[in-house]
Amino acid sequence: MVPVILVAGSANLDLTVAVPHIVRPGETVIGGDTVTAPGGKGANQAVAAGRAGGRVTFLGALGRDAAGQTLLSSLQEVGVDTACVQLVDAPTGAAYISVTPEGENAITVSSGANAHLLPEHLPDLTPFTHLLLQLETPPETVSAFAQAGHAAGLSVVLNAAPARPLDEQLLRHVSVLVVNEGELQTLAGEEGGTEAQAARLRARGPQTVVVTLGAQGCLAQTAGSTIRLPAFRVEVTDTTGAGDTFVGVLAAWLSQGAPLEGALQAATVGAALACTQPGAQPGMPTRAAILAHLTR
């Protein structure tokens, strides 16, 4: 069976503005020109996985508007199958992103059509080997998709972002759970260090817990081992989309049978390369670029 990833999640039009610093409550700052680009955690991860060499189908909800057409085109341009996309009577989702000169960002998401992705939109899972989910669509939809994917024998990868508490039933259906440090603490509490927190989280159901650590690299815990990898060093331009690139590349490598450590190495390099370019999807690296840096 040819491995195929079904990415089910959000798609947004990103509106990005450069700012001298992240705005504080009650403050107004003058920024640069607005730059629009395709985004949304689901669509981002689909594009990242596609560019990394994965065979990808995207399931999401878009409005019947110009922004929706822009997002469809961006997916199709990298070979992502969009036959499962749902067109709904709501505006396409949007994300408003502020980026500092240091590459840090602050993001406000307007869900729009993403809130209309429903459990009944899940297609026949027979063609797929992996299901990749995030948390920018309704919680009941994510839970239903994960349960169905697990029951069908798919490897279910959940990026638990943005952070929110998750119920035990959902976690028991997850093969690989990917979180950052803040999301890890939301799910496992702040007691102990990262390894102890990851162990507590894995005990709640996921077979593997992967924690992204920014400039410190990443950590993964399975039943038998803990893997730590350093970050791949680059000159940072914009961190927008780096986390989604990590997840998408990880899913692509895992779908092709790579061992966990090898998939983590590729994901770490991919995420770093994404930080060298502005924007989310526009800055995501190709498989060739990732391989070129892995072999150095």
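Name the one entry in ALA95, ALA106 that is among the aliphatic types (A, V, I, L, M), surrounded by 17 or more Cβ atoms within 10 Å (Cβ to Cβ) and closer than 25 Å to VAL249 by Cα. Reasoning before the result, please.
Details: ALA106 fails: surrounded by 17 or more Cβ atoms within 10 Å (Cβ to Cβ).
Of the residues listed, the single one that is among the aliphatic types (A, V, I, L, M), surrounded by 17 or more Cβ atoms within 10 Å (Cβ to Cβ) and closer than 25 Å to VAL249 by Cα is ALA95.
If you go through the range 17-58, how many residues are under 24 Å from ALA160 (Cβ atoms) and outside any helix (DSSP H, G or I)?
9
Any residue at all in the range 19-30 that's closer than 23 Å to GLY243 by Cβ and within 20 Å of the chain's Cα centre (by Cα)?
Taking every residue of the range 19-30 in turn, none turns out to be closer than 23 Å to GLY243 by Cβ and within 20 Å of the chain's Cα centre (by Cα).
Tally up the residues in the range 259-277 that are polar (S, T, N, Q) and in contact with a Cys (Cβ under 8 Å, 6 or more places away or on another chain), please.
Residues meeting the conditions: 1.
Every residue in the range 31-50 that is among the charged types (D, E, K, R) and more than 14 Å from the chain's Cα centre (by Cα), please.
ASP33
Scan the range 1-16 for residues that are within 21 Å of ALA94 (Cα to Cα) and in a loop (DSSP other than H, G, I, E, B) and report the count.
Of the residues in the range 1-16, the ones within 21 Å of ALA94 (Cα to Cα) are 7-16.
Pick out the ones that are also in a loop (DSSP other than H, G, I, E, B) and you get 9-11.
Result for the range 1-16: 3.
For residues that are in a loop (DSSP other than H, G, I, E, B) and either out of contact with any Pro (no Cβ under 6 Å at 6 or more places or on another chain) or of a type in the set (Ser, Thr, Tyr) (or both), scanning just the range 171-193, find the one that is surrounded by the most Cβ atoms within 10 Å (Cβ to Cβ).
Checked the range 171-193; the qualifying residue surrounded by the most Cβ atoms within 10 Å (Cβ to Cβ) is HIS173.
Please go through the range 127-160 and give me each residue that is in contact with a Gly (Cβ under 7 Å, 6 or more places away or on another chain) and in a strand (DSSP E or B), ordered by number.
Within the range 127-160, LEU131, LEU133, VAL156 qualify.
Please find, within the range 203-241, the residue that is nearest to CYS275 (Cα to Cα) out of those that are part of a loop (DSSP other than H, G, I, E, B) and without any contact (Cβ under 8 Å) to a residue 12 or more places away in the chain.
So the residue we want is SER225.
So ALA148 passes all but one of these: (1) under 19 Å from ALA266 (Cβ atoms); (2) modelled with pLDDT of 95 or more. Which condition number does it fail?
The number of the failed condition is (1).
Mind listing just one residue for me: the one in the range 39-60 that is farther than 22 Å from THR240 by Cβ and of a type outside the set (Ser, Thr, Tyr) and, of those, surrounded by the most Cβ atoms within 10 Å (Cβ to Cβ)?
First pass over the range 39-60, keeping only residues farther than 22 Å from THR240 by Cβ: 53, 55, 57, 59.
From the residues that got through so far, the ones that are of a type outside the set (Ser, Thr, Tyr) too are 53, 55, 59.
On the way: GLY53: 19, ARG55: 20, LEU59: 25.
The extreme case among them is LEU59.
Select, from ARG164, ARG200, the only residue that is within 20 Å of ASN44 (Cβ to Cβ) and either modelled with pLDDT under 95 or part of a helix (DSSP H, G or I) (or both).
Details: ARG200 fails: within 20 Å of ASN44 (Cβ to Cβ).
Going through ARG164, ARG200 in turn, just one is within 20 Å of ASN44 (Cβ to Cβ) and either modelled with pLDDT under 95 or part of a helix (DSSP H, G or I) (or both): ARG164.
Name every residue in the range 95-126 that is part of a loop (DSSP other than H, G, I, E, B) and at positive phi, in order of residue number.
Scanning the range 95-126 gives a single hit, GLY103.
From GLY257, GLY279, grab the single residue that is over 24 Å from SER73 (Cβ atoms), in contact (Cβ under 8 Å) with a residue 24 or more places away in the chain and out of contact with any helix residue (DSSP H, G or I) (no Cβ under 8 Å at 6 or more places or on another chain).
One residue alone meets the criteria, GLY257.
Every residue in the range 136-170 that is more than 17 Å from ILE5 (Cβ to Cβ), of a type in the set (Gly, Ala, Ser) and surrounded by fewer than 22 Cβ atoms within 10 Å (Cβ to Cβ), please.
SER143, ALA144, ALA151, ALA161, ALA163, listed by residue number.
Being crowded, with 24+ Cβ neighbours inside 10 Å and either assigned to a loop (DSSP other than H, G, I, E, B) or under 15 Å from the mean Cα position of the chain (by Cα) (or both) is the filter here; which residues of the range 245-265 pass it?
Result: THR245, PHE246, VAL247, GLY248, VAL249, LEU250, ALA251, ALA252, TRP253, LEU254, LEU264.
The values are calculated or read from the model by the stated rules, or taken from the named source; none is laboratory data. This structure is a prediction, so every number in the text was calculated from the model and none was measured. In this analysis, Cβ positions are derived from the backbone assuming ideal geometry, glycine residues included, and neighbour counts consider all displayed protein chains.
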